[in-house]
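What follows is a single structure, written as structure tokens, with notes after it.
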Amino acid sequence: MRIAIIGGSFDPIHYGHIHMGLESIKQLKVDEVWFMPTKITPLKDRELTSVEDRVSMIKLAIEPYANFKLCTLELEREEKSYTIDTLRELKKRYKHEFYWIIGNDQLEQFDRWKDPEKLVKMAQFVCFDRDHMLTKTSYDIKRLHMECMPVSSSEIRMGNKLNYLPLKVLDYIYANRLYVKEFVASRVPEHRYRHSLSVANLCEEFARNNGLDVNVAYYIGLFHDVCKAMPKDRMLCWIKAICPENEKYAPPVWHGFVGAEVVDRIFYIKDWRIKNAIYHHVLGTSTDPYAMAVFCADKLDPLRDYDTSKSIQLCKQDLYKGFLKVKEDNERYLQKGK
């Protein structure tokens, strides 16, 4: 059989990887494409997402494709995964003809791979162009073009271009809280990020004590201020497009209205409870339990410079009573400031 190997960290796998596999079948006429996740990647110094999570996402992504397989050979090693060792083992185990598929980013650093001269003699290396550019190389590497896929796993880990993820993979990411803290951290200052984490944890506590979905509550808290640092002119564009009637409010209030739309359109979180709660979290204008939870958690964040422990306990015991108390206290505070 003719087998194309696509190796990498797949942290996470995305449509760029899938399309590379489809093009391997189309242009190289291979019988199967094997996706081979690494346990430890030699040329990357960051800690990878767990093997279990990356394997699960690969399985979900390749499920619709009969000729796509998962190969866990490199996960069997405790040490770093070097391609030359993998190829030697593949040739021991199988009589197949192997094509090793890489992207242009890997071609650019191919001279840093272990024993590159030997590698190209052991298998046909093929580089697919994913951004309309192909680096010149002196190595015997076949170079092919494919439709532009302007996405990388690093972009996705920052919460960008999530539309390049298979829906089941995106659902898995949210169900297991993978990368989501970075989605927020990349968009707000450090102090706002710490506040968002604290509010998310408090929302989760309120939900657990009041019989609500803890995951829904956590995401409301995590994303409630995701647009807080958005420039006023950009936020105004959103307001005019989605809710022009809210332009009457002071700009510091806008991030709730815009954030509700951003979690839907940018982060693809399709849950009306999350959208509604974020929309109302600044003014406290909804008595939906999730909206009450984030309104209270935002005002009672333990990181604030005043004691909120009694009100937190009240919210845990009875969210509605706690909400009325927090709203009353907040209105009294605002009146003092006038």
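The values are calculated or read from the model by the stated rules, or taken from the named source; none is laboratory data. Computed from a predicted structure; not experimentally measured. Ideal geometry is used to build each Cβ from the backbone, glycine not excepted, and the neighbour counts take in all protein chains shown. These accessible areas exclude ligands, DNA and RNA; they are computed on the full protein's heavy atoms, side chains included. Shrake-Rupley method; radii C 1.70, N 1.55, O 1.52, S 1.80 Å.
Observations on the model:
- Equivalent ellipsoid semi-axes - Cα gyration tensor, the range 1-98, angstrom: 21, 18, 11
- Accessible area of the chain belonging to carbon and sulfur atoms, whole % at 1.4 Å probe: 50 percent
- Label-point gap, in nm, between Ala250 and Asp85 - each point 7 angstrom along Cα→Cβ: 6.1 nm
- Computed about its Cα centre, the charge dipole of the range 228-313 is approximately 140 debye, with only Lys, Arg, Asp and Glu carrying charge at their Cβ.
- As a length-normalised measure over Cα pairs under 8 Å and 6 or more apart, the relative contact order of the range 213-285 settles at 37 percent.
- Surface analysis of the chain yields an accessible area of 50 Å² per residue, using protein heavy atoms and a 1.4 Å probe.
- The range 286-338 - Debye-derived log10 I(q)/I(0), Cα point model, q = 0.20, 0.29 Å⁻¹: -0.66, -1.19
- Evaluated on the range 220-337, the Kirkwood hydrodynamic radius is 14.8 Å, with distances taken between all distinct Cα atoms.
- With the convex hull drawn around the C-alpha atoms of the range 206-284, the volume per residue stands at 89 Å³.
- Cα gyration tensor of the chain - equivalent ellipsoid semi-axes, whole Å, descending: 49, 20, 16
- In this structure the amide hydrogen of Lys69, modeled in the peptide plane, comes within under 5 Å of the amide hydrogens of Val33, Trp34, Phe35, none closer than 5 places in sequence on its chain.
- For a label point 7 Å along the Cα-to-beta-carbon line of Arg304, residues of the range 171-209 with backbone N under 14 Å: 195-196, 198-200, 202-203
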